[in-house]
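One structure below.
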């Protein structure tokens with residue numbers, strides 16, 4: 001029996017990408033609509049944190065199914081997206097996790113040295129109970145986002161464009177799609193999100209096409225930032241410059257985070 005979706009295998013890159021995201025949303029809607037009602041979220045109202053996490057996770061758990069379908073249409077092994085069961089993958093993931101956490105140590109260490117923040121050391125015990133669940137969430141989000149943006153999307157774009165054009169484009173799409181969840185609040189972070197995407201592309205390149213390093217790096221950033229925020233371990237001083245620190249929970253809108261990302265890219269090239 002002929003595959004009714006076989007025509008997609010011969011379609012343009014743009015059609016394949018559009019079909020992927022459309023299929024993902026269509027499959028998610030039967031879950032998203034009742035969940036949004038239960039969470040009392042009515043678009044286009046901004047999402048609160050307690051509303052965003054269930055919606056995002058419900059969308060992300062469906063991604064492997066859609067990615068598997070895309071791999072079948074292109075007659076490719078799932079490992080082509082950058083995830084394997086080899087021990088080297090886990091080694092790369094661990095290195096990336098350490099590099100991501102190290103970047104945050106560098107970032108907050110410099111900001112402390114500049115006397116821009118105070119550490120709320122009395123809250124340090126609170127961070128312990130958040131560490132494991134936030135690591136699990138960080139890994140889940142990172143695996144899915146890397147599979148989608150540095151796996152499927154980058155692979156598709158590299159078939160039609162020069163690798164650097166594909167990297168620039170996939171990182172731009174990665175940044176712009178954050179507007180879906182955060183609305184105009186994400187606008188100041190778009191340059192930082194784009195640069196973050198580029199650094200994660202570089203991580204895949206230097207890892208020989210594997211996503212291990214990129215997933216670990218991404219998870220390290222999420223885990224570290226979410227843990228600090230949950231424990232309220234840092235507090236910025238009133239005189240600290242907003243344009244450098246990205247105040248109001250938007251670190252990627254600050255110049256220091258951009259410097260940290262550039263330093264990470266430099267470190268990646270020297271691995």
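Bear in mind these aren't lab numbers, they're just calculated from the coordinates by the rules spelled out. Just so it is clear, the model here is predicted, and its values are computed rather than measured.
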What 222 nm value per residue comes from the helices of the chain, counting each DSSP H run with n ≥ 4 as -39,500 (n - 2.57) and dividing by all residues, nearest 500 deg cm²/dmol? -21500 deg cm²/dmol
What are the extents of the Cα atoms of segment 126-221 along their three principal axes, in Å, largest first? 48, 34, 16
Angstrom value of the Kirkwood radius, inverse mean 1/r, which spans all Cα pairs in segment 150-271: 15.4
Over the chain, with a Gaussian network built from C-alpha contacts below 10 Å, which listed residue (122, 111, 182) shows the highest mean-square fluctuation? 122
Taking a ≥ b ≥ c as the square roots of the eigenvalues of the Cα gyration tensor of segment 1-76, is the shape rounded (a/c under 1.5), prolate (a/b larger than b/c) or oblate? prolate
Debye equation applied to the C-alpha atoms of segment 100-146, log10 I(q)/I(0) at 0.16, 0.28, 0.31 Å⁻¹: -0.65, -1.01, -1.03
Pick out which of 157, 29, 104 has the largest mean-square fluctuation in a Gaussian network model of the chain, springs linking Cα atoms closer than 10 Å. 29
Distribution of pairwise C-alpha distances over segment 32-114, 10 Å bins, in %: 14, 22, 27, 30, 7, 0
Where does the chain land on Rg(C-alpha)/(2.2 N^0.38 Å)? 1.04
